[in-house]
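Here's the structure, in structure tokens; my notes come after.
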């Protein structure tokens, strides 16, 4: 019976794959430690494989995506990782510079003003300025076109901060619109917000694990994104799923001792996985299941496998 | 003496820090429980506890208040009569900010500050402000309350530095000439309705306003003006906070998991703490999979064929996780040397009730051990 629940879920995957990959901006978020970066990388890889020019962004983080794919660090420059796939680790200082230069046009002015130590302190205190330039850079690339009029990137995948920070981060355009009087900043916040809340453009993917805290947080996060931030959750990924393996009869057959306990522990986790799937499915979004992987090193091969599970049809 | 036990004995403040999702809250609650039962009264200040942990601590309905955990509850968990009391509280960031303003701002400025749009974003949405208020609260608890030990579960920071920087950042800002330069003319003129040209009709101010909008600067200046009477207080407390973090009686416990994807973050955290000259009692490696005893493989061989295959698959997976974790542990030990590592095994279920916290404490105190597997080949 447990197995069939798992099978049912897998059938849904194919549908989800097509739903996910028709959005241009995919925001991957969830509790710390649930595998956001893995899932973001896998989605980006799947997107690139599908022939879409894809940019995957880390947000002021310790860069991991390039390493997961077995490539050298990209840093704050958009760097090609392989065919159709680019990565960047967006840093506030560089993003601020790019943004300021766009408005000021002159590098000398930028250097004189924005590289000034005192001014830097001041800017740090302007609410959410750091977030808005990071988000601004990412969304700028979403609007960017090539000379032939096609998008520079067909799709952008954001490996977003974890729950609370993600809500803060994506609320920033609204916070700015509410706090900051009309001006360059408010104008930018306006178009950013419009892109973020447009369900035809943007989708959030919530990553979770079959454990109590991550599930609770996913449920709260889904509500917060939908009601407060107005970003539509598009799918939920249950990472680290443990499929059922033993029946009650099997467990009875095993003599009491460590072997029995190991099998029972496996089954307990499998049960937890199923109830986690049920709780998450009750949210009403398509649920994608990624089984727990047992690979010696977590690198490219593992990402490929995860991408396979996400894209199964 | 085991490093965690030593830290509990010599410290009156312990901060549990580390990457998200590794069990900081559980470790913090465990330390407070153990300390109280062993005779040093404690307060655990958590940020966002799991519902079941909050329930078992009796915190479900509570906000910012400190609540005493009933002695029979402690006794039920540990099987011994607690020799001191344990308190627990949840930190509500927005409430803490409002309290700070209500207690510290001059009467005529309070409403103006609380209603200022900059304040609202400062207290709810501004990155770094959570970290700052957590430090403020810690300082306040330390100064004003008599807890022999306070254990702080730190907020899930995106970046180690945000948290450690928080007091410095406020100090930097208040100490720096930019604020004075922007505000001094207005302060001198005693003007509340600050005009932009008072900010210095300088080239710099004009350029910034091009960026943020003129009125933004103006509003911000108003906000800072209202806050200005609190600057000295901020400065003083930021210094106190910094001193508290550096005190001999303050220890950091860095909590990490053994999995490779969290390692870099933990090591980075460790380096940052060291560079900031902060005292790290130990690196707690949480949820380590213990190795599979060799004898189990032989035992599995005696099972009927079909069941044997599935049992062996389970053994293989466990073996895999154990050797992967062992690799992580070895790497952590190497990169965090000479800070001692303390290993806590992965329990069958999430640790939420006080009895499991007590069991966890045995591993933290070195009364129970897991030997990590031989690192994967």
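Counting 0.36 nm for each residue step from residue A:216 to residue A:80 and taking away their Cα separation leaves a gain of 45.3 nm.
Using the Cβ-Cβ distance between residue A:151 and residue B:71 with R0 set to 45 Å, the FRET efficiency from 1/(1 + (r/R0)^6) comes to roughly 0.10.
Note on segment B:296-350: along the principal axes its Cα atoms extend 49, 23, 14 Å, ordered by decreasing extent.
As an exercise, use a Förster radius of 22 Å and the Cβ-Cβ distance of residue B:235 and residue B:271 to find the FRET efficiency, rounded to the nearest 0.05.
Between residue B:235 and residue B:271 the formula returns 0.15.
Take the Cα of residue B:369, step 7 Å toward its Cβ, do the same at residue B:103, and the gap between the two points is 4.6 nm. At q = 0.18 Å⁻¹, what base-10 log of I(q)/I(0) does the Debye formula yield for segment A:139-278 when every alpha carbon is treated as an equal point scatterer in vacuo? The computed values of log10 I(q)/I(0) come out as -1.04.
Put in order of Cβ neighbour count within 10 Å, fewest first, the listed residues A:258, A:217 become A:258, A:217. One chain, two ends: residue A:198 and residue A:271. Fully extended at 0.36 nm per residue, the span grows by 22.5 nm beyond their Cα-Cα distance.
What's the average, rounded to a whole number, of partner chain beta-carbon atoms within 10 Å of each residue's beta-carbon in A:258-270?
4
Taking 7 Å steps out from each Cα toward its Cβ at residue A:292 and residue A:247 produces label points 2.4 nm apart. The alpha carbon gyration tensor of segment B:218-377 gives principal lengths a ≥ b ≥ c with a/c of 1.5 or higher and a/b greater than b/c, which makes the shape prolate.
The share of C-alpha pairs in segment A:129-180 whose separation exceeds 18 Å stands at 41 percent.
This ranking places B:358, A:191 by how few other beta-carbon atoms lie within 10 Å of each, fewest first, which gives A:191, B:358.
Values quoted throughout were computed directly from the atomic coordinates according to the rules given, and no laboratory measurement underlies them. Keep in mind the model is a prediction, meaning the values are calculated, not measured. Heads up, the Cβs are rebuilt from the backbone with ideal geometry, glycines too, and the neighbour counts pull from every protein chain shown.
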